[in-house]
Amino acid sequence: MYNFDEVINRRGTRCIKYDTLQEHYGRTDLLSMWVADMDFRTPDFILDALRRRLDHPVLGYPSTGEDYFEIVSKWVEDLHGWKVPAKDFRYVPGIVKGFGFAERCFLQPGDKVIIQKPVYHPFRIVAEESGFEVVNNPLRPVYDEDGFLLTYEMDLEDLERKIDERTKMLILCNPHNPGGVCFPAEVLRRLADLCDRHGIIVVSDEIHCEMVLGGRRHVPFASVSEAAARCAITFMAPSKTFNIAGVVSSYVIIQNPALAGKFFKYIESNETDYPPIFSAEATRAAYTEAGKEWRAEMLDYVQGNIDYVDQWLRTNLPQIRAVRPQASFLVWLDCRKLGLSQHELVDFFINKAHLALNDGSVFGPEGVGFMRLNVGCPRSLLREALESLAAAF
């Protein structure tokens, strides 16, 4: 059994989540529940692997070894039921960087990139800063009988209306951030048919795929049909699951030989396809039987945190409702019934409740009235945060 109740002081370790609060929120006396890494101890079997490597006194250019992507491929097959040969994998130095690589590799100035807001904001930022036009195909909200958000659905009719000859790429977030949606296989098949028919490349961010909850199994977009495999560029990583974002251990999977040939050549020519020494060591250690056991216990604890937040809000602060995620440790809070403007809502969380959450509006105008809460932390910190929220209210 692992101890996820342990409170670890991360301040002063040069981490974004705690040591940049002044820069991002204007004060440091906040409970930090924003950046998408967890406050749990990185598992010992990963730390021990890094220590063993550090026992050797030379940190020269590393070799991944012939079995590296065999290990990753087997993990993907075991976890998701998706069998992909090791030759279709490559390392990338971060998934957001991977979006940028894909856009610059396949697109021309003036091409259009479709995103589905509310969604992880670097999707928009990277595309716009790279000179491409961003088109929004907003997700359709689904509400409960009280008017609170339950989930999101894709609006494929709206998507087809917005496609024209300059539309070349769609960035998919699956599982979805911030809504926590695991899109059904049938919806993904319809999306694949549409994009394949129009010659649109689907760049699929699946970084939260290892964090599906409630006994679900992740459905990789590229696995749902031959059309999906033809048009998909899939990004995955162990970083969220094992709390190793700092070692940057992402990878890309491409099954279409034409797409793979061009993209793999692009990253190879820029020498961005080679994992640093600790990335490879951490991934090897994570993708083991010990990793499967740790993952299962961690997900049980995170599910307990989600249940706790949901029930606590319903009982103590019913004006705010947690949108229960199907994956990840990120909880989308529907705060619209507080009746505050977004500026007032953010001010309320920061300056009255003394909490650092993500402002929902950064995910797009569809996020107005929402805040994103990171529950990947000991339950005692979560309890403290909720009590602080209620006291401020």
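The values are calculated or read from the model by the stated rules, or taken from the named source; none is laboratory data. The structure presented is a predicted model; accordingly, all values stated were derived computationally and were not measured. With ideal geometry, Cβ positions are generated from the backbone for all residues, glycine too; neighbour counts draw on all protein chains shown.
Computed values, structure above
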quantity: Helices (runs of 4 or more DSSP H) (entirely within region 173-275) containing at least 2 residues that are among the aromatic types (Phe, Trp, Tyr) and either in the same structural domain as GLU157 (by TED's automatic domain parsing) or closer than 30 Å to ARG41 by Cα (or both); calculated: 257-269
quantity: When residues of region 308-358 are limited to those that are within 15 Å of LEU381 (Cα to Cα) and of a type outside the set (A, V, I, L, M, F, W, C), the one farthest from the chain's Cα centre (by Cα); calculated: HIS354
quantity: Region 334-374, residues that are assigned to a helix (DSSP H, G or I), closer than 22 Å to VAL126 by Cβ and touching a residue at least 24 places away in the same chain (Cβ under 8 Å); calculated: GLY360, VAL362, PHE363, PRO365, GLU366, GLY367
quantity: Residue match in region 52-72 (condition: surrounded by 17 or more Cβ atoms within 10 Å (Cβ to Cβ) and among the small types (Gly, Ala, Ser)); calculated: no
quantity: Residue under evaluation PHE348, criteria (1) surrounded by fewer than 21 Cβ atoms within 10 Å (Cβ to Cβ); (2) touching a Pro at 6+ places or on another chain (Cβ under 9 Å), criterion not met; calculated: (2)
quantity: Only one of PHE101, PHE148 that is surrounded by 13 or more Cβ atoms within 10 Å (Cβ to Cβ) and farther than 30 Å from PRO318 by Cβ; calculated: PHE101
quantity: For ASP310: the one exception among (1) in contact with a strand residue (DSSP E or B) (Cβ under 7 Å, 6 or more places away or on another chain); (2) without any contact (Cβ under 8 Å) to a residue 24 or more places away in the chain; (3) not in a helix (DSSP H, G or I); calculated: (3)
quantity: Pair list, Cβ < 7 Å and 6+ apart or interchain, from region 314-333 residues that are assigned by TED's automatic domain parsing to the domain that holds GLY360 to residues that are assigned to a strand (DSSP E or B) and charged (D, E, K, R); calculated: ILE320/ASP334; ARG321/ASP334; VAL323/ASP334; LEU330/ARG372; TRP332/ARG372
quantity: Residue match in region 102-124 (condition: touching a Cys at 6+ places or on another chain (Cβ under 8 Å), among the aromatic types (Phe, Trp, Tyr), in a helix (DSSP H, G or I) and in the same structural domain as ASP158 (by TED's automatic domain parsing)); calculated: yes
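Condition check ((1) assigned by TED's automatic domain parsing to the domain that holds GLU387; (2) of a type in the set (Gly, Ala, Ser); (3) in a loop (DSSP other than H, G, I, E, B)) across all residues:
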| site | (1), (2), (3) |
| --- | --- |
| ASP5 | no, no, yes |
| GLU23 | yes, no, no |
| MET38 | yes, no, yes |
| LEU50 | no, no, no |
| ARG53 | no, no, no |
| LEU59 | no, no, yes |
| PRO62 | no, no, yes |
| TRP75 | no, no, no |
| LYS83 | no, no, yes |
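Conditions tested, residue by residue: (1) part of a loop (DSSP other than H, G, I, E, B); (2) among the charged types (D, E, K, R); (3) under 27 Å from LEU259 (Cα atoms).
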| site | (1), (2), (3) |
| --- | --- |
| VAL126 | no, no, yes |
| VAL142 | no, no, no |
| GLU145 | yes, yes, no |
| THR151 | no, no, no |
| ARG161 | no, yes, yes |
| GLU165 | yes, yes, yes |
